[in-house]
Amino acid sequence: MLEVRKIDAGYGDVQVLFSLSLEVKEKEIVTLLGSNGAGKTTTLRCICGVVRPRQGEVLFKGRPVSKEPAAERAGMGIALVPEGRELWPQLTVRENLELGAYHGRARARENLDRVQSLFPRLLERKSQMAGSLSGGEQQMCAIGRALMSEPSVLLLDEPSLGLAPIVVDQMFEVIRQLHASGMTILLVEQNLAAALEVATRGYVIETGEVKLQGSAQELRSDPKIRSAYLGL
Ligand SMILES: Nc1ncnc2c1ncn2[C@@H]1O[C@H](COP(=O)(O)OP(=O)(O)OP(=O)(O)O)[C@@H](O)[C@H]1O
Ligand SMILES: [Mg+2]
């Protein structure tokens, strides 16, 4: 579904990613792990077209997309749920969801119904301003907005960030459900333990390079991960 092939990327003179490669197959849930500043968000930006790699290629459904603008990639089926949600706080839940629509009015209506049945809480709160939602509800709204474009792959950037522990559990349950419904997911997380519970495979990046990769089970039992990231 998605392949990142040896990309170099950065901002101005600063290089952040170094020959980074990863792959997400159809219906997989793959997690991209790493500490602050490792380059996780930059990787997602390269995939959705907000940052252009200097070297390497991003392939979507087997096709190189590095030259496609971000809007084009959204239409092709790549959707990002950005770090920090980035909702419009003064707009209602429903208006925020509608801003994620991509395929015209009729399908927007259908997709709105689908998203609201997936997240009944969003239906209950559809007329409320997004800024007045709880953190967990805002994250649901951000995921719902991304689903409005009928994506084939969903890029989730730290969906559990800033949420209370019980809400984090609910969020991972939502991710599990999305995966069970057939969605292909690339999940960026700092919460390694929880991410490795839901993911099939994972990559650990440090300073813009893939340092470890493997099945979730392999990563969970890796001595380096256990000591450096899981505190075991
Ligand atoms: N817009 C930007 N302009 C300049 N430098 C940036 C920009 N965005 C990120 N960086 C730098 O690039 C590096 C990687 O950042 P990135 O946001 O990709 O890391 P991350 O793994 O997502 O970190 P976090 O866990 O904190 O979200 C960091 O050193 C960061 O300071
Ligand atoms: Mg980030």
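Just a few scattered comments:
- Scanning segment 58-68 for residues that are within 19 Å of the chain's Cα centre (by Cα) and at pLDDT 95 or above turns up V58, L59, F60, K61, V65.
- Criterion (away from ligand 1 (no atom under 16 Å from the Cβ), assigned to a loop (DSSP other than H, G, I, E, B) and not polar (S, T, N, Q)) met by exactly one of K6, K27: K27
- Cβ-Cβ under 6 Å pairs, at least 6 apart or on other chains, segment 183-201 side of a type in the set (S, T, N, Q), far side part of a strand (DSSP E or B) and within 13 Å of ligand 1 (Cβ to nearest atom): none
- In segment 199-216, residue farthest from the chain's Cα centre (by Cα) [restricted to those that are open to solvent by 20 Å² or more (accessible area, probe 1.4 Å) and closer than 14 Å to I29 by Cβ]: S215
- In this structure, E137 does satisfy being touching a helix residue (DSSP H, G or I) at 6+ places or on another chain (Cβ under 9 Å) and over 30 Å from V4 (Cα atoms).
- Options L230, L156, L163; residue that is open to solvent by 20 Å² or more (accessible area, probe 1.4 Å) and within 16 Å of ligand 1 (Cβ to nearest atom): L163
- In segment 42-69, the residues that are under 13 Å from L80 (Cβ atoms) and open to solvent by 30 Å² or more (accessible area, probe 1.4 Å): R45, V50
- The condition of being out of contact with any helix residue (DSSP H, G or I) (no Cβ under 6 Å at 6 or more places or on another chain), within 16 Å of ligand 2 (Cβ to nearest atom), among the hydrophobic types (A, V, I, L, M, F, W, C) and open to solvent by less than 30 Å² (accessible area, probe 1.4 Å) holds for L22.
- Every residue from segment 180-198 that is within 13 Å of the chain's Cα centre (by Cα) and open to solvent by 50 Å² or more (accessible area, probe 1.4 Å): Q190
- Residue satisfying condition, being surrounded by 21 or more Cβ atoms within 10 Å (Cβ to Cβ) and either hydrophobic (A, V, I, L, M, F, W, C) or within 24 Å of S160 (Cβ to Cβ) (or both), within set L99, L33: L33
- With respect to (1) under 30 Å from A108 (Cβ atoms); (2) within 16 Å of ligand 1 (Cβ to nearest atom), the lone exception for L33 is condition (1).
- Residue within segment 110-125 that is under 21 Å from L156 (Cα atoms) and in contact with a strand residue (DSSP E or B) (Cβ under 6 Å, 6 or more places away or on another chain) present: no
- Only residues that are within 20 Å of the chain's Cα centre (by Cα) and at pLDDT 90 or above were counted across segment 115-129, and they come to 4.
- L33 touching a residue at least 24 places away in the same chain (Cβ under 8 Å) and within 16 Å of the chain's Cα centre (by Cα): yes
- Condition met for L147 (more than 29 Å from S19 (Cβ to Cβ) and either out of contact with any Lys or Arg (no Cβ under 9 Å at 6 or more places or on another chain) or within 16 Å of ligand 2 (Cβ to nearest atom) (or both)): no
- Of all residues assigned to segment 80-90, at least one qualifies as being more than 22 Å from C48 (Cβ to Cβ) and in contact (Cβ under 8 Å) with a residue 24 or more places away in the chain.
The values are calculated or read from the model by the stated rules, or taken from the named source; none is laboratory data. Everything quoted here is computed from the prediction, not taken from an experiment. Neighbour counts run over all protein chains shown; Cβ positions are idealised from the backbone, glycine included. The area values use the complete protein model at the heavy-atom level, side chains included, leaving out ligands, DNA and RNA. Shrake-Rupley method; radii C 1.70, N 1.55, O 1.52, S 1.80 Å.
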